[in-house]
């Protein structure tokens, strides 16, 4: 190569000066930058298309799935009242003792032979220890009049029956103040919506519709959650029950229920509905 052309020549031309440029190595090096640019452009285009497609897919899935959270409902449990048998009747009062009675015979003047023994007039001395009546009766001597018993009129105040002491260690299903999630129903709904997987019903292949799970759990006196169970799970969405149980177990402690001013153990019922919407 001439000296005046070296300064303006490309490095490849200098290297391949006097060599076979048709062999292929020269052409590959010559077009390297152009091919690298095309490859980068194609890769960037594919990445952008994949990113846009994933965003559109997520938006479509979010529009399909919705979570409906219902408030805690209490089961109306009626406590059976024990009917106490009536008290036994009082024993019969013993009959009063028999008192000796002498028949009163009005005075009448007749012959002695006409007087019957029971109609004889008794001597006054014999009547001192006996009562006078219409018949003759044997019995105890009359030692005087016995005053009739005095009936107590009472005080006029009726005492109310004493209220049975309530067992505060049992599990209550109905209380004066129910246990609640910290922050109230609104915070409870937001917690479920943030943590529940709305795609569970769709992933199970459930058709369009609502699928409600009934969850039962215990809130103890400190507000801790335990015994979380899905007692009713739709057949079309078997994964809905475990999903609801998992989220409730991971939640924070609740505010305990109150009965008669005391914290008590409370059984709560929560219904959670997973929805599959039409596309």
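Counting only residues that are within 19 Å of residue 216 (Cβ to Cβ) and out of contact with any helix residue (DSSP H, G or I) (no Cβ under 9 Å at 6 or more places or on another chain), which one in segment 178-188 is surrounded by the most Cβ atoms within 10 Å (Cβ to Cβ)? Result: 179.
Considering 175, 215, the condition of being surrounded by 10 or more Cβ atoms within 10 Å (Cβ to Cβ), in a strand (DSSP E or B) and at pLDDT 85 or above is satisfied by 215 alone.
The values are calculated or read from the model by the stated rules, or taken from the named source; none is laboratory data. Every value quoted in this text rests on a predicted model; they were computed, and no experiment measured them. Cβ: placed from backbone, ideal geometry, glycine included. Neighbour counts: every protein chain shown.
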